[in-house]
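Only the coordinates and a few stated rules stand behind these numbers; no lab work does. Note that this is a predicted model, so its numbers are computed, not measured. Positions of Cβ are generated from backbone atoms using ideal geometry, with glycine treated the same way; all protein chains shown enter the neighbour counts.
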């Protein structure tokens, strides 16, 4: 790959995840203010794997915004592309843990600083990078949508590999038709994609994941590598004529699943950085998925995501102990 300043640059939401972790003496839910946002979570894990990263986005010029800026710096993520909004507060998300272990999100985002990122704030110099990674939440509203479109154009101009995680959050879209249209647009621009099982079913209407991925690959032949995350059922990689399955590392130590998909996505990007996209083999893809599944399992044992990503050595030791 080229000798870029950054391995991965990511654009999108940086917010506070108020994560439920208990109940007060009065029976009220108690929440912890954890730094979060999928694009930033991905960068945090990549930094743990020794990669150089930069985040592009906006927070409020408030206490939470300062907390988020410090969290990025603490993790070694460049804040060169981070802006502060004097008029709009930092975006907030409340993450409720459901009885089945899944999560329910409530967002405080209209207004929210992350959607106030403007196209003129997305600089050409930011794209001296090997990979540009994004999700779909920066396409829900203006002006951040125009900023995202400019970023995609610059990523193409400077030859970045484009990585996409749809990361569907239904409450943030005016309609699911809008979501499908915007996600389809970015699928048409991306080289690699991490997608979850429920997103495949939603996007394609296919209950069978292989059938759904086949439809996506036919419609978007530009997608060279697709990784499917399936929660407790593990993960799957699709590359050329290969399909590789690896089971999940299930644990009774799971606290919550926030950040698991982002951790896995970062491991996928790390593998692409180290091996490219041109001639991947089945055993290599299996290695990629096993490492990603292990890292995702480890993050579910902690509260939050961005500040508590596992170290590379921790993942390697976990895998060795699982042999």
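Both the radius of gyration and Dmax for the range 269-323 are 12.5, 37 Å, in that order, over alpha-carbon atoms.
Counted over the range 85-223, the DSSP beta bridges are approximately 45% antiparallel. Based only on the alpha carbon positions, what is the Kirkwood hydrodynamic radius of the range 217-323, in angstrom? So the Kirkwood estimate lands at 14.2 Å. On the beta carbon distance between residue 197 and residue 174, with R0 = 35 Å, the FRET formula returns roughly 0.90.
Using a simple spin-label model with points 7 Å from Cα along the Cα→Cβ vector, what separation in nm is obtained for residue 110 and residue 283? Going from the residue 110 label point to the residue 283 one covers 5.3 nm.
Here, P(r) means the percent of Cα pairs in each 5 Å bin from 0 to the largest distance; for the range 150-267 it is 2, 10, 20, 23, 20, 14, 7, 3, 0, 0.
GNM remark for the chain: springs join alpha carbons under 10 Å apart, and the peak mean-square fluctuation among 208, 85, 245 falls on 208.
Per residue, the average separation of C-alpha pairs within less than 8 Å and at least 6 apart gives the chain a relative contact order of 17 percent. Using a Gaussian network model of the chain in which every pair of alpha carbons under 10 angstrom is joined by a spring, one finds that among 232, 301, 290 the greatest mean-square fluctuation is at 232. Of the labelled figures (1) 18.4, 59; (2) 23.7, 97; (3) 26.7, 123, only one reflects Rg and Dmax of the Cα atoms in Å as derived from the coordinates, namely (1).
Considering only DSSP beta bridges where both residues belong to the chain, give the percentage that are antiparallel (nearest 5). Expressed as a percentage, antiparallel bridges in the chain total about 45. Quick check on the chain: helices-only [θ] at 222 nm, where DSSP H runs of length 4 and up contribute -39,500 (n - 2.57) each and the sum goes over total residues. Nearest 500, please. It comes out at -11000 deg cm²/dmol, rounded to the nearest 500.
Considering only beta bridges that DSSP places wholly inside the range 192-323, some 65 percent are antiparallel. Within the range 268-283, find all residues whose amide N lies under 19 Å from a label point positioned 7 Å from the Cα of residue 241 along Cα-to-beta-carbon. Hits in the range 268-283 for residue 241 at 19 Å: 278-283. Choose one answer from 143, 29, 310: the residue with the largest mean-square fluctuation in a GNM of the chain with alpha-carbon springs under 10 Å. Between 143, 29, 310, it is 29 that shows the largest mean-square fluctuation. When you count the other C-beta atoms within 10 angstrom of each residue and take the mean per peptide, 144-151, 114-121 line up highest first as 144-151, 114-121.
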